[in-house]
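S.K.: Here you go, one structure.
The values are calculated or read from the model by the stated rules, or taken from the named source; none is laboratory data. Source: prediction; values computed, not measured. Reconstructed Cβ throughout: ideal geometry from the backbone, glycine too, with neighbour counts over all protein chains shown. All accessible areas refer to the heavy atoms of the entire protein, side chains included, with ligands and DNA or RNA removed. Shrake-Rupley method; radii C 1.70, N 1.55, O 1.52, S 1.80 Å.
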Amino acid sequence: MADLHPLKRQLGDRLITDREVMAAYAHDTSRVSPEGTPLALVRAERTEDIAAALSWAHTHGVPVSVRGAGTGLTGGANAYNGGLIVSLADMTDIIEIDRENRTATVQAGVITAELDAHARTVGLFFPPDPASARTCTVGGNIATNAGGLRCVAHGVTNDSIAALVVVLADGRVMRTGSRTRKNVVGYDLTSLFVGSEGTLGVVTEATVRLKPVPPGTPRTFRASFDTLEDAGRAVTAIVNGAAQPEVLELMDALSVEIIESFHPSGLTVPAGAMLVGQTVGLDAAAKAEAITATCRATGATDTEISESDSLLEARRLSNPALNARGLKISCDVGVPVAALADVFHGISEISARHDKRVSTVAHAGDGNLHSTVESPDTPEGIAEADAVIDDITKLAISLGGTISGEHGIGSVKRHELPWQLDEAALDVQRAIKAALDPRGILTPGRAI
């Protein structure tokens, strides 16, 4: 067992070995269990704490798991047996809001919604908006290149990152990017670390890009459909239309039923699916009218427009509602938007073939689907549900899609990598990992 005393002298009470305390930091929200008992937990408060921890782990060959709020869904933050847990949850400083340059500099443990709320006090907002925005962290968003509800209008996390502070595997501290709008100096190392899931370095601080809050009153819209395929065709028509939403989400009938049971709000369960979305700007009302007209032209049986955010709140409840029902076996696939009707049809066929109920929610505007399988919590039931998820993932790939749109790979999806990436691409990723982490201590056996 590696000697912790040198690290204890550097970190003091920020280094914790109490098993009960460590247990709360040893896992994310996935169904995957930690890989044994960790050696110690580092509750970092500053970049120097992370540097000391990684330098020590590098010297002693100790595996490191990196954790923010623990909201990940792929097992990427789970502890290793005899490993070091590095938590950034206490790194919560909003260092600066630069209104003139529309940037914010924050520590990695800042809660996403809190950064957004802070920016709004000066008329700006942080575009990334995961469904878990009230609990997930900016560092976690960066680690997985998270998307969210506003993706269709503003892109994923990487589109909002200007610069990073990263601690490398051997404890060295590196800065990437700049505050400027344009920067083509050297390789794009900022983008390399965004989405790397803690395998190449630990992001401790980020300078993010903000946008002005749109003027006017937002409008929320709803459209119900008899079939998922009709809803998919409506999304394609909306995305290719003149009136563009800031949010465009889908919930199938089973998802709406589960959400309404979890938190009754008066939602009427549709026969097939429900689209919900939001328009912003001075013309928000006109855009919502145009979008709901498009929905009716593509098969919507009922539409509604309001100034309330309740429909979007219902969408944000999908994960806790599904978890409360015991549905944890899910996927995170992406397809080209024009393939949505085909993928929904294929999911229905897969559900029938396996005789398993499948619920699907989606960031429909960018083709990112989350399907979850209803199954008994037994080894046999889990295996059967995994087979359904594998078939849905292979379907997405056959339609030109991807095995993950925003949740990352972690350990849950690692077996799927060869389905999408050829051997040359895998070799390049392994070479990058070996160059930056030659001892393989950072999140080993996950993501790549």
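S.K.: Let me know the longest stretch in the chain that avoids all GluC sites (Glu not before Pro) found in a DSSP loop with at most 15 other C-beta atoms within 10 Å. It would help to have the intermediate numbers written out before the result.
M.R.: Details: sites that count: Glu100, Glu307.
Looking at the chain, 101-306 is the longest stretch - no exposed GluC sites (Glu not before Pro) with at most 15 other Cβ atoms within 10 Å.
S.K.: Once the Cα atoms of helix 253-262 and of the chain are each reduced to a long axis, what angle between those two axes, in degrees from 0 to 90 to the nearest 10, is obtained?
M.R.: Once rounded, one gets 70 degrees.
S.K.: Quick one, can you get me the convex hull of the C-alpha atoms of region 273-362 expressed as volume per residue in Å³?
M.R.: Details: hull volume 12.2 nm³, N = 90.
Expressed per residue, the convex hull around the Cα atoms of region 273-362 is 135 Å³.
S.K.: Moving on. If I take every Cα pair under 8 Å that is 6 or more residues apart in region 1-153, average their sequence separation and divide by the length, what percent do I get for the relative contact order?
M.R.: Details: 296 pairs, mean separation 30.5, N = 153.
Dividing the mean separation by the residue count of region 1-153 yields 20 percent.
S.K.: Something else: Pairs of lysine in the chain with Cα under 19 Å and at least 8 positions apart or on different chains: total? Before the final figure, lay out each step's value.
M.R.: Values: Lys182/Lys211; Lys328/Lys356; Lys328/Lys413; Lys356/Lys394; Lys394/Lys413; Lys413/Lys433.
Count of close lysine pairs: 6.
S.K.: On the accessible surface of region 281-404, probed at 1.4 Å, how many percent belong to carbon and sulfur atoms?
M.R.: Using a 1.4 Å probe with all protein chains present, region 281-404 comes out at 51 percent carbon and sulfur.
S.K.: State the percentage of accessible surface on region 63-136 attributable to carbon and sulfur atoms; use a 1.4 Å probe and exclude ligands, DNA and RNA. All intermediate terms of the calculation are to be shown ahead of the outcome.
M.R.: On the way: 1160 of 2590 Å².
Carbon and sulfur together cover 45 percent of it.
S.K.: Using only the alpha carbons of region 203-249, what is the convex hull's orientation-averaged projected area in square nanometres? Working shown, then result.
M.R.: Values: hull surface 24.2 nm².
Mean shadow area of the hull around the Cα atoms is 6.0 nm².
S.K.: With a cap of 14 neighbouring Cβ atoms within 10 Å, and only residues DSSP puts in a loop, list the trypsin sites (Lys or Arg not before Pro) found in region 335-413.
M.R.: Values: sites: Arg353, Lys356, Arg357, Lys394, Lys413; in loops: Lys356, Arg357, Lys413.
Of the trypsin sites (Lys or Arg not before Pro), the ones in loops of region 335-413 whose Cβ has at most 14 other Cβ atoms within 10 Å are Arg357.
S.K.: Return the loop-located chymotrypsin sites (Phe, Trp or Tyr not before Pro) in region 185-291 (DSSP other than H, G, I, E, B) with at most 10 other Cβ atoms within 10 Å of their own Cβ; answer none if there are none. Mind dumping the intermediate values first?
M.R.: Values: sites: Tyr187, Phe193, Phe221, Phe225, Phe262; in loops: Tyr187.
Hits after loop and neighbour filter: Tyr187.
S.K.: Between region 420-440 and region 212-270, what is the C-alpha centre distance in whole Å?
M.R.: 39 Å
S.K.: Kindly provide the pair-distance distribution of region 76-138 built from C-alpha pairs, with 5 Å bins from 0 and whole-percent values in order of increasing distance.
M.R.: Each 5 Å bin holds this share of Cα pairs: 4, 17, 25, 20, 14, 8, 6, 4, 2, 0.
S.K.: Name the long-range amide H neighbours of His370: under 5 Å, sequence gap of 5 or more, or other chain; modelled H, no Pro or chain starts.
M.R.: Val361, Ala362, His363
S.K.: Quick one: Debye curve from the C-alpha atoms of the chain, no solvent, what's log10 I(q)/I(0) at q = 0.06, 0.10 Å⁻¹?
M.R.: -0.26, -0.72
S.K.: P(r) tail for region 165-295, what percent of Cα pairs lie past 25 Å? List each step's numbers first, then the result.
M.R.: Working: 4529 of 8515 pairs.
Looking at region 165-295, the distances longer than 25 Å represent 53 percent of pairs.
S.K.: For the chain, what does the accessible surface come to per residue with a 1.4 Å probe? Please give it in Å². Please report the intermediate quantities before stating the final value.
M.R.: Numbers: 18460 Å² over 448 residues.
Value returned for the chain: 41 Å² of accessible area per residue.
S.K.: Consider just the alpha-carbon atoms of region 121-227 and return their Rg together with their Dmax, both in angstrom.
M.R.: Looking at region 121-227, its Cα Rg and Dmax stand at 16.3, 57 Å.
S.K.: Taking each pair of distinct Cα atoms in region 1-46 once, what is the resulting Kirkwood hydrodynamic radius in Å?
M.R.: On the way: mean 1/r = 0.0847 Å⁻¹.
The Cα-based Kirkwood calculation yields 11.8 Å.
S.K.: What distance in nm separates the simple spin-label points at Asp390 and Ala285, each placed 7 Å from Cα in the Cβ direction?
M.R.: That separation, rounded to one decimal, is 5.5 nm.
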